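Visitor: Here's a structure for you.
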Amino acid sequence: MGFRLKVAYKDVGLLVIQPGQINNQLLKGISAQLAIAIANIVAIEEIQTREEEKSRLLDFSNAMASSQDKAVLGRIITRQLKEILNTRGHYMLYALSEDKLTYYPFLFDPDSSPANLSKDPSLETTIRTNNRVNDGILKKILSEGRPILFNIEERFVQPPTPAYMKMMEERNVRKITGAPIRLDNTDIGVILFDTNNEPLGSTEKLFNSILSQIAITVSNLIAAEKVLNQLVEIKQYKQLLEEEKTYLREEIETSQNFSELIGESDEMKKIFRLVQQVASSDSTVLVLGETGTGKELIARAIHNASPRKSKLMVKVNCAAIPANLIESELFGHERGSFTGATERRIGKFELAHNGTLFLDEIGEMPLELQVKLLRVLQEKEIERVGGKMTIKVDVRIIAATNRDLEKYMEEGKFRSDLYYRLNIFPISLSPLRDRKEDIPALAQHFVKRFSKKAGKKIFSISNKALQELTQYNWPGNIRELEHFIERSVLLANNGTIKEIHLPTSLKNLTGTKSMDDIPVKTIDEIERDYILKVLKYVKGKISGEGGAAELLGIPPSTLHSRMKRLGIRKEHSG
Ligand SMILES: Nc1ncnc2c1ncn2[C@@H]1O[C@H](COP(=O)(O)OP(=O)(O)OP(=O)(O)O)[C@@H](O)[C@H]1O
């Protein structure tokens, strides 16, 4: 026999007794008392549960409020999922991208982190890269706006199966619950976690409150990440601007050297035509020629006549940079990527983005770097030394060398694949001795430039002097002629350069064919000889007007220390 126990018409329990054990009147009285007692106990239990929930939520809120980084948040979520929902604590939290159409991984419990996946490493890449929200699961969670239970096996029957499902399956998870993370009616992301039973039940209310707390913290962390990224970007731009500023300053200093290309010979006219033809395209150009023939000048002329002229032409001298630094010079490096890399630095490729990169003395590039350069030329993207991501670069390449690259290839010093990649549009500059008809115009051009620089009124060169200049073979080509005229201007006294001060040793060389035929001397020996010659010329006068220091273009103190280093005493000049 059963009696329903009620309080205020509400069922609170059922009393079952054997018939005839107790009279009806008494039974009514007992069951009324019993109903009140049960209702009280239930109410107390409910209050206790709510108190417990409240204190849990409070604990959780306090913990969340102090979580300023992902790692702390990650640990709190794992603990809550284990304690409240009695799960194994596997979860994945994805944040929505700004377009709300894709999502990216934000936080994983350590076990579910893609990096821990051993079976299928390709999943890591899939998980790490942006994925579309419209994958049949996330879209549903977001549009229904509530936690939803999914059976993983069923998803495998109904492909496509998102990578996170495969990952959970690898952790032997059978069911997952997906819940939206929202703040002020805006979707921020989704959390997916392993689930043992039907979802949530009596814990749903508490879980929703926890979700709201997670939403606040995640949105704060995302905002902080954004600010941090912006700061990094600003720093990078600042660095780029600094580098550009340095470059522009250097360019201004050298621009007057490169503003005018002089040449009247058929040879040079042909070169000018080639420059015009190739400038407007993005083709790689290889400029060949002996030292001092004007390769850099030609590279600049191409850049200045190209649509990239408003951007930088960045020069890298492959011979001047130590082999171990040249990679970082070209591609940049991340902080701490090698000893001495105390700051992140962008490389010349990035600096030349949208402009031109002039790779001077390409023949001297170390072989292992030639492979990397080839890859960059093919893929048009670079990786900083010690960096993990690739950076797209749009750079026009002009390379130059005074070496015989074909010979270098035969000797195994230059990669043939790189050679063919660079040799798309070769421009060969002949040595000055093979286009002597250019010498008068060049000499005149340099007289004008250097007399202006020295503040002297020198206007021309005598025919005799010109004749001497054209007889000489100029192993150092136009650079040598340029320096020579600079000295002659400094030494000249009236409006015309009458005398040409070709050093006797050089005069004797007028029959030589090229630099290779010059007797080999060390740089110090040459410097010593030259300083001695100038000292003799100025009769030992070091400083002041017309002194050796002035002629050599260095401060007297520098000249003194060089003389000391090279073992020159004043009496040597007598
Ligand atoms: N056609 C020219 N007209 C005027 N000046 C020139 C010409 N060619 C070269 N020069 C001058 O000669 C000097 C050497 O030129 P440049 O540096 O371009 O030679 P290079 O072949 O690149 O030398 P290297 O192989 O040593 O790097 C520069 O100061 C340049 O201004």
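A short reminder: the numbers here are calculations on the coordinates, not readings from a lab. This one's a predicted model, so the numbers in the text were calculated from it and none came from an experiment. Reconstructed Cβ throughout: ideal geometry from the backbone, glycine too, with neighbour counts over all protein chains shown.
Visitor: Summing Lys, Arg as +1 and Asp, Glu as -1, what charge do residues with Cβ under 14 Å from the Cβ of Q236 carry, Q236 excluded?
Guide: Overall, the nearby charge balance is -1.
Visitor: DSSP loop trypsin sites (Lys or Arg not before Pro) in the range 1-108 with at most 16 other Cβ atoms within 10 Å of their Cβ, which ones?
Guide: K100
Visitor: Something else: Taking every DSSP beta bridge with both residues inside the chain, roughly what % is antiparallel (nearest 5)?
Guide: Of those bridges, close to 65 percent are antiparallel.
Visitor: Using 20 Å as the Cα-Cα cut-off, could you pick out the over-long pairs in K270/K295; K82/K175; K269/K436; K269/K315; K311/K348; K100/K140?
Guide: The answer is K269/K315.
Visitor: Chymotrypsin sites (Phe, Trp or Tyr not before Pro) within the range 1-73: which are DSSP loop residues with at most 12 other Cβ atoms inside 10 Å?
Guide: Y9
Visitor: Arrange the following residues from fewest to most other Cβ atoms within 10 Å of their Cβ: I458, I47, I148.
Guide: The fewest-first ordering by Cβ neighbours comes to I47, I148, I458.
Visitor: Neighbour counts of other C-beta atoms within 10 Å: give me Y164, Y530, Y91, Y537 arranged from fewest to most.
Guide: Y530, Y537, Y91, Y164
Visitor: Using helices alone, what [θ] at 222 nm do you get for the chain, with -39,500 (n - 2.57) per DSSP H run of 4 or more residues, divided over all residues and rounded to the nearest 500?
Guide: Using -39500 (n - 2.57) per qualifying helix, the result is -15500 deg cm²/dmol.
Visitor: Now, a different point. How far, in nm, would the chain grow between Q33 and L231 when pulled straight, counting 0.36 nm per residue and subtracting the alpha carbon separation?
Guide: Extra length available between Q33 and L231 comes to 64.2 nm.
Visitor: On alpha carbon coordinates alone, what is the Rg over Rh value for the chain, Rh being the Kirkwood radius?
Guide: Using Cα coordinates only, the ratio equals 1.29.
Visitor: Further question: Among T203, T186, which comes first, then next, by fewest other beta-carbon atoms within 10 Å?
Guide: Fewest-to-most ranking of T203, T186: T186, T203.
Visitor: Select from the range 1-99 those GluC sites (Glu not before Pro) which occupy a DSSP coil region and have at most 15 other Cβ atoms within 10 Å, ordered by residue number.
Guide: E98
Visitor: For K238 and K452, what is the calculated FRET efficiency with R₀ set at 30 Å and r taken between the beta-carbons, to the nearest 0.05?
Guide: Computed FRET efficiency for K238 and K452 comes out at 0.20.
Visitor: Something else about it: Check the straight Cα-Cα distances from K235 and name the aspartates and glutamates below 16 Å, setting aside those fewer than 8 residues away within the same chain.
Guide: E225, E243, E244, E334, E343, E350
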